[in-house]
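These notes concern the structure reproduced below.
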Amino acid sequence: MAKDPVRVLVTGAAGQIGYALVPMIARGIMLGPDQPVILHVLDIPPAAEALNGVKMELVDAAFPLLKGVVATTNVVEACTGVNVAVMVGGFPRKEGMERKDVMSKNVSIYKSQASALEKHAAANCKVLVVANPANTNALILKEYAPSIPEKNITCLTRLDHNRALGQISEKLNVQVSDVKNVIIWGNHSSTQYPDVTHATVTTPAGEKSVPELVKDDEWLKSGFISTVQQRGAAIIKARKLSSALSAASSACDHIRDWVCGTPEGTWVSMGVYSDGSYSVPVGLIYSFPVTCRNGEWTIVQGLSIDEFSRKKLDLTAEELTEEKNLAYSCLSVDEPSSPQLKTTSRKRKRKSVDIIEQFNAKMAQVLELKEKKLEMDILYKDTSKWILKLLNFIKNVVP
Amino acid sequence: METLELIQKLVVVLVCLYLSWRIFRYIWSFVDVEKDPLVVLVTGAAGQVGYALVPMIAGGSMLGLDQPIILHMLDIEPAAEILKGVKMELMDGAFPLLKGVIATTDVIEACKGVDIAIMLGGFPRRKGDSKDLIFRNVGIYKAQASALEEHADSNCKVLVVAHPANTNALILKEFAPSIPDENITSLTRLDHNRALNQISENLNVHVDDVKNVIIWGNHSSYVYPDANHATVDIGAGLKPVRELIADDQWLNTEFITNVQQRGQAIIKSRRLSSALSTASAACDHMRDWILGTPKGTWVSMGVYSDGSYGIQPGLIYSFPVTCEKGEWSIVQGLKIDEFAREKMDAVAKELMEEKTVAYS
């Protein structure tokens, strides 16, 4: 019996990552070789022609699992009835651009897509945000789509997870499929922390811990971390384009493990809504080690965190909080549309009034001090005159 | 009676043997014996089609989910950095089937021990005619032919994709005489899939239910998609497409031009060549060749002509083929009407012309 088709939305589908991703979805790599899919592909009006070309190619490829393609620039049409949403659409990162530059452009995009998803997507829609800054875009999406359950909004850190697995497998000269249980903590950015303390390699003699096998803590704490953190930039340097292939592949891995479950004894990294585990602030989209079962993820609890790791975890949490504040400040520049935002801007207005008052008070203090200083100067001058007179007198008296 | 007893005993013994065999097979299927990895070469891997193709290969879409792969990627010097980037991405993809990646600009290193070669490398097709590409590509294919002949596996299967595919494949064959003729093919599966799609759109059925179109000849603007023997599965059996469409006019004109010019239409929309569908068609071609076509279905492959259907031998011409145990055979005995005959000969003529141009 053929399963009912699942509707998968890919935003930004006319771009590089979309082009690599849609054939993977249509071939069943994302949801399994027996799961029919209907693809919804969305992009902005300037890309409408290219999007149409992608649709033509998808139908030309005669994929047996692909039961339909809806190519549109209308966000409502794209979101209707969607079961899985992969948000690739956003401002792309180019050579030399910092992620923060990209932030403000993306925040407004995610605001509008959030409301469309909330109103038109299927009830238990699972969302994966890929476009950078992934964690913060996901947070914005969550804020503006309050009726989508928090646990259904995730961001992609599987790419870094796979990159870390790749680095370990290269270092130890083993097959990447034998390495597992690395963890990516935090933000999909240069503060991410790839943690191998609990990673293992499957050898013929059983599972061995990675730090034991590598025997090079120095490398694990520096070279390894920076390689994984900067892999994205390295690929942009080589290809002159962002890493579409591996991003698409890891997006498929992320959704597949989420929907179909992780293998026994293995966990993966997903950017999920923080519930305070491992002392990470609540209210961030933070990457944790998770296992998945029956379409739901659960954070792996009870892993030991050493001091070095603790610092790293806190560092990336800090960056995420900064990004969150930056994102909200970008939003408050626009007209507040939702009641949530109205109260926030009022609070902020009050805050800024407070700040101005404080500033005025401080200025008054400074002026006072300046006056006092002048008085002291005059006094000093007078005093020194008297002292000089005294000295002269003494000189004259004492022969 | 003694004989009866004997027979009974024999039957019991046979049944026991049979059941033991079945048990043994069942247990054996749990033993995870991994297949030996196959070496797959992709030339022109730094380009558009290569970028779409390599994840499909590494993900098991080409050779099956239980076939480990070692990828050899080849491209020219100017693309060396980009090729390195592609290799990095493949490593980052953590593909369980990918047992190794070699990214090189050295054609000999690339061809060593290769079991399957997909030749994407060649000058890309832009808006316009494909004839002027012939000259540029002859030199490339000559060099790659000798490298393949000397270093690839003796039963290496070759698929030529780069335009003009049929003639490039012919050049390859000429300069690699020790590779068996039947191992050199060119891609017409893309047109085949496009034709299937045109029919499915016209009849509003799923493309999966349409089969057995034929692409005759050359992958060019003279390609002849033939729906005379195509069928559609409408749930109550197979119906011929001609009957269901009931519009011979459309089948003889628009349908043909749609398929012929689909490539141009996609270039017009995307401003780039059709990488995704080409890569997918290449995967389908190889997969059906090696793993076999389903029963009752044939596919289109550009293969070395042996004179079937009155096409002169010595050309790489697209025929309807079925595949079994890694070998293709042309489907014989299909009726060719006058209209089709004309078209097929026109394409053969074009191929002869290309061949002459290439040899000059």
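The table below gives the values:
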item	result
Chain B: DSSP helices with Cα axial extent of at least 20 Å and average Kyte-Doolittle hydropathy no lower than -1.0	B:2-30, B:133-151, B:254-270, B:275-291, B:338-359
Sparse-neighbour loop sites [GluC sites (Glu not before Pro); the stretch A:83-173; at most 12 other C-beta within 10 Å; DSSP]	A:Glu95, A:Glu98
Listed residues B:Cys16, B:Cys156, B:Cys323, most fluctuating in chain B (Gaussian network, C-alpha, under 10 Å)	B:Cys16
Whole-number Å³ per residue for the convex hull built on Cα positions in the stretch B:38-186	100 Å³
Residue exposure sequence - A:His188, A:His120, B:His219 - by fewest surrounding Cβ within 10 Å	A:His120, B:His219, A:His188
Mean Kyte hydropathy of 1.6 or more with a Cα span along the axis of at least 27 Å, helices from DSSP in chain A	none
Ranking of A:Ile44, B:Ile57 by count of other Cβ atoms within 10 Å, fewest first	A:Ile44, B:Ile57
Longest segment of chain A lacking trypsin sites (Lys or Arg not before Pro) that sit in a DSSP loop with at most 12 other Cβ atoms within 10 Å	A:241-399
Cα gyration tensor category, rounded, prolate or oblate, for the stretch B:189-359 with a/c compared to 1.5	rounded
GNM top mover of A:Ser269, A:Ser108, A:Ser279 - chain A, alpha-carbon springs below 10 Å	A:Ser279
Two-decimal Rg/Rh across chain A, once Rg and the Kirkwood Rh are taken from alpha-carbon atoms	1.20
Mean ellipticity per residue at 222 nm, deg cm²/dmol - from DSSP H runs of n ≥ 4 across chain B, formula -39500 (n - 2.57)	-15000 deg cm²/dmol
Selection from B:Phe175, B:Ala236, B:Gln261 lying farthest towards where the dipole of chain B points positive, charges on Cβ	B:Gln261
Within the protein assembly as shown: Cβ-based charge dipole about Cα centre, in debye rounded to nearest 20 (Lys, Arg +1; Asp, Glu -1)	3000 debye
Å³ per residue enclosed by the Cα convex hull of the stretch B:103-221	136 Å³
Lys/Arg +1, Asp/Glu -1 at C-beta; chain A dipole; positive extreme among A:Thr72, A:Leu320, A:Met24	A:Leu320
Those lysines that a straight Cα-Cα span of less than 17 Å connects to A:Lys389, excepting residues fewer than 8 apart in one chain	A:Lys381
Rounded, prolate or oblate (a/c below 1.5 giving rounded, otherwise prolate when a/b exceeds b/c) for chain B by Cα gyration tensor	oblate
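The numbers here are math on the coordinates, done by the rules we state, and not lab data. Keep in mind that this is a model prediction, so the values were computed, not measured. Note that we place each Cβ from the backbone using ideal geometry, even for glycine, and neighbour counts take in every protein chain shown.
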